[in-house]
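Trainee: To start, I am sharing the structure in question, which I have written as structure tokens.
The values are calculated or read from the model by the stated rules, or taken from the named source; none is laboratory data. Since the structure is predicted, the reported quantities are computational estimates derived from the model, not experimental observations. Because the Cβ atoms are built from the backbone with ideal geometry, glycine has one as well, and the counts that use them run over all protein chains shown. Heads up: the accessible areas ignore ligands, DNA and RNA and are worked out on the full protein's heavy atoms, side chains in. Shrake-Rupley method; radii C 1.70, N 1.55, O 1.52, S 1.80 Å.
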Amino acid sequence: MKVLFATSEIAPWVKTGGLGDVAAALPPALARTGCDVRVLLPRYPALREAFPDARAIVSLPEFGGRLPAAELFLAQPAGAPPLLLLDCPMLFDRPGNPYLGPEGRDWLDNHLRFGLLSRVAARLASHASPLDWRPDILHCNDWQTALGPYYLRFYEPGGAASVMTIHNLAFQGVFAPQLLDELGLTGRDWHIDGVEYYGQLSFLKAGLRHADWITTVSPTYAREIQSEAEGMGLAGLLQSRAAQLTGILNGIDKEVWNPATDAYLPAHYDREHLEGKTQCKRALQGELGLMERDDVPLFGVVSRLTQQKGLDLVAAIGDALAALPAQLAVLGSGDKTLEEAFAALAARHPGQVAVQIGFSEALAHRIEAGADCFLMPSRFEPCGLNQMYSLAYGTPPMVRATGGLADTVTDCTPETLANGRANGFVCGPATAGALLDTVRRAATCWQDKPLWRALQENGMACDFGWAQPARRYFELYRLLRPT
Ligand code: ADP
Ligand code: GLC
């Protein structure tokens, strides 16, 4: 089974969120099921630096419109499938975030950058591929590669079957209709079954309409997105494809997210020996300038700061949380208003609330380990990885019952404690009041050491590895593989 996995991010080199983690871990897990996988992504500066020995293997001519000529480089990361790096310096040789310019706004040519990535994915999956290696399956991820299945069907035919995975329906790759020609598309593509979407050009819509199969990253989200309320304008289309839409829960990479071996941590621990976690909490308090106390619970947040994540609710209850008393450690970046709200909260509660605006892999690991409870009150959450990292780190997560959060976290009640399923806290509606009630409930539970220990152990016993999800993708590929 040969699989071309097309993505716009890959951890640890290029990561803005969970897609980066998935692209780093799922392909190796697929390889372990026996698939021959190659990962296609742009040759961003971070990947040029990470793989100085990558070699050019083929040139790709211009594709029409304003899609420029490019080259493919082959790189071999240790212990993972080969990377096919799409080299086109005028589009990809730019610093920083893969989607945003220095001002924090989308690059104006993102349609070309990810249009080219999609087109090349389709070419490599077609009979016209310049490579000897021809995939059975083209697996695309999110809007950045969503024109792949479309190009494959209408412009690069005769090749692989396509799978389109939705990691987040909120990002759809919607552009002005005038850009149609630049993508090498024509008036023939401009209709309701093509790339047109309410008068705009939508990458994701085209991919969802024309992929042979659609997956998303949890069973609950797969159901939610077919409802008008949560379908973000695509519910009708997704309903019409319900027979080819599956939710496969993401896994976590246990080599990267394991408190027994995590190189970012000052001490290690596992389910039987949790002493190291106390040291991690102390060290985190020291690192962030929090009071080094073990008699108050420490709540942690690591997140993109956006409306999706419900962190405005955390900011809103910050003062009440500090008064419990409890501590709060926040790592995140994104929405400027939220960044300012958290900075102001920290300024009001020195020693009790610590806020770091930015992106730090190391600190993310130390918060997962050092916090007592992880806050993730998302308004919607396709899968969510941080709640699974928290479970693995003995840090019961507090979540809303939505998407993958509903599929992974079981609220702590007398019943779920008795049957051994309790592993965190579920708060009700997305309101500050509901969150504060749940924070209070968790702080009370935390005082009951045996109860808390049971919660931690139940969470640490959950197996969210990639082996099972990879097998499910493999089964799907088998079903779709052209004969
Ligand atoms: P999403 O993809 O919606 O952002 P996920 O929970 O799936 O949410 O994945 C987020 C990933 O990004 C996790 O690995 C998390 O640790 C990481 N992350 C988010 N914000 C930061 C940050 N500011 N610093 C470091 N890692 C972060
Ligand atoms: C998205 C979602 C998140 C999911 C991640 C990886 O960014 O917001 O819930 O875990 O993709 O699939």
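Trainee: What residues qualify as long-range amide H neighbours of LEU298, i.e. H under 5 Å apart, gap of 5 or more or another chain, H built at 1.01 Å from N?
Mentor: HN-HN under 5 Å from LEU298: GLN327, ASP372, CYS373.
Trainee: Further question: Sort LYS205, LYS15 by accessible area with a 1.4 Å probe, largest first.
Mentor: On the way: LYS205 15, LYS15 45 Å².
Highest to lowest solvent-accessible surface, that is LYS15, LYS205.
Trainee: Quick one: Cα convex hull volume of region 239-354, Å³ per residue?
Mentor: Numbers: hull volume 18.9 nm³, N = 116.
Spread over its residues, the Cα hull of region 239-354 gives 163 Å³ apiece.
Trainee: Something else about it: For region 275-461, build the convex hull from the C-alpha positions and give me its volume per residue in Å³.
Mentor: Per residue, the Cα convex hull of region 275-461 comes to 100 Å³.
Trainee: Separate question: Over the chain, consider all pairs of different Cα atoms and compute the Kirkwood hydrodynamic radius from their mean reciprocal separation; express it in Å, one decimal. Walk me through the numbers before you get to the answer.
Mentor: Working: mean 1/r = 0.0431 Å⁻¹.
So the Kirkwood estimate lands at 23.2 Å.
Trainee: With a/c under 1.5 counting as rounded, go ahead and sort region 183-266 into rounded, prolate or oblate using the C-alpha gyration tensor (a ≥ b ≥ c being the square roots of the eigenvalues; past the cut-off, prolate if a/b is larger than b/c, else oblate).
Mentor: Numbers: a/c = 3.09, a/b = 2.05, b/c = 1.51.
Since a/c reaches 1.5 and a/b is larger than b/c, the shape of region 183-266 is classed as prolate.
Trainee: Assuming R0 = 25 Å, can you tell me the calculated FRET efficiency for the pair ASN258 and GLU415, based on Cβ-Cβ distance, to the nearest 0.05?
Mentor: According to the calculation, E is roughly 0.25.
Trainee: Which of rounded, prolate, oblate describes region 48-113, given a ≥ b ≥ c as roots of the alpha-carbon gyration tensor eigenvalues and a/c under 1.5 marking rounded, otherwise prolate only if a/b is larger than b/c?
Mentor: Numbers: a/c = 2.63, a/b = 1.28, b/c = 2.05.
Judged from the Cα gyration tensor, region 48-113 comes out oblate (a/c at least 1.5, b/c at or above a/b).
Trainee: Also: What whole number of Å gives the distance from the Cα centroid of region 381-426 to the Cα centroid of region 95-169?
Mentor: 34 Å
Trainee: Rg/Rh for region 417-469: what does it come to with C-alpha atoms and Rh from Kirkwood?
Mentor: On the Cα set of region 417-469, Rg over Rh gives 1.07.
Trainee: Taking R0 as 22 Å, what FRET efficiency do you get between LEU479 and GLN200 from their Cβ-Cβ distance, rounded to the nearest 0.05?
Mentor: Computed FRET efficiency for LEU479 and GLN200 comes out at 0.10.
Trainee: Rolling a 1.4 angstrom probe over the protein chains, ignoring ligands and nucleic acids, what is the accessible area of ARG472 in square angstrom, nearest 10?
Mentor: 100 Å²
Trainee: Sticking with this structure for a sec: Given a Förster distance of 25 angstrom, what is the FRET efficiency for ARG471 paired with ALA242, based on the Cβ-Cβ distance and rounded to 0.05? If you can, show how the numbers build up before the last one.
Mentor: Numbers: r = 23 Å, r/R0 = 0.92.
After rounding to 0.05, the efficiency reads 0.65.
Trainee: Follow-up question, since we're still on this one. Net charge within 13 Å of ARG188 by Cβ-Cβ distance, Lys/Arg positive one each and Asp/Glu negative one each, not counting ARG188 itself?
Mentor: With Lys, Arg at +1 and Asp, Glu at -1, the neighbours total -3.
Trainee: For region 343-383, what are Rg and Dmax over the alpha carbons, in angstrom?
Mentor: 12.4, 34
Trainee: Work out, step by step, the length gained on full extension between MET291 and ASP270: first 0.36 nm times the residue separation, then minus their alpha carbon distance; give nm to one decimal.
Mentor: That pair, MET291 and ASP270, stretches by 5.0 nm at full extension.
Trainee: Follow-up. Sorted by accessible area (1.4 Å probe), largest first, how do GLU292, GLU230 line up?
Mentor: Values: GLU292 105, GLU230 65 Å².
Reading off the accessible areas and sorting them downward yields GLU292, GLU230.
Trainee: Given a cut-off of 25 Å, name the pairs among LYS205/LYS336; LYS277/LYS336; LYS254/LYS281; LYS277/LYS449 whose C-alpha atoms lie farther apart than that in the structure shown.
Mentor: Result: LYS205/LYS336; LYS277/LYS336 exceed 25 Å.
Trainee: Among rounded, prolate and oblate, which fits region 359-448 when a ≥ b ≥ c are the square roots of the eigenvalues of its C-alpha gyration tensor, a/c under 1.5 means rounded, and a/b larger than b/c means prolate? Spell out each step's value before the answer.
Mentor: On the way: a/c = 1.41, a/b = 1.22, b/c = 1.16.
Because its axes are fairly even, with a/c under 1.5, region 359-448 counts as rounded.
Trainee: While we're here: Counting Lys and Arg as +1 and Asp and Glu as -1, what is the net charge of the other residues whose Cβ lies under 15 Å from the Cβ of ALA31?
Mentor: Working: positive: LYS2, ARG32, ARG38, ARG471; negative: ASP36, ASP136, ASP253, GLU255.
Here the charged neighbours net out to 0.
Trainee: Sort ASP132, ASP407, ASP142, ASP106 by accessible area with a 1.4 Å probe, largest first. Kindly include the intermediate steps, with their values, before the conclusion.
Mentor: Numbers: ASP132 155, ASP407 55, ASP142 15, ASP106 100 Å².
Largest to smallest exposure gives the sequence ASP132, ASP106, ASP407, ASP142.
Trainee: Per 5 Å bin, what is the whole-percent P(r) computed from every C-alpha pair distance within region 1-147?
Mentor: 2, 10, 21, 25, 23, 13, 5, 1, 0
Trainee: Let me ask you something else. Give the long-range amide H neighbours of LEU234: residues separated by 5 or more places, or on another chain, with amide H under 5 Å away, using H modelled in the peptide plane at 1.01 Å from N.
Mentor: Residues meeting the criterion, in which the H sits 1.01 Å from N, do not exist here.
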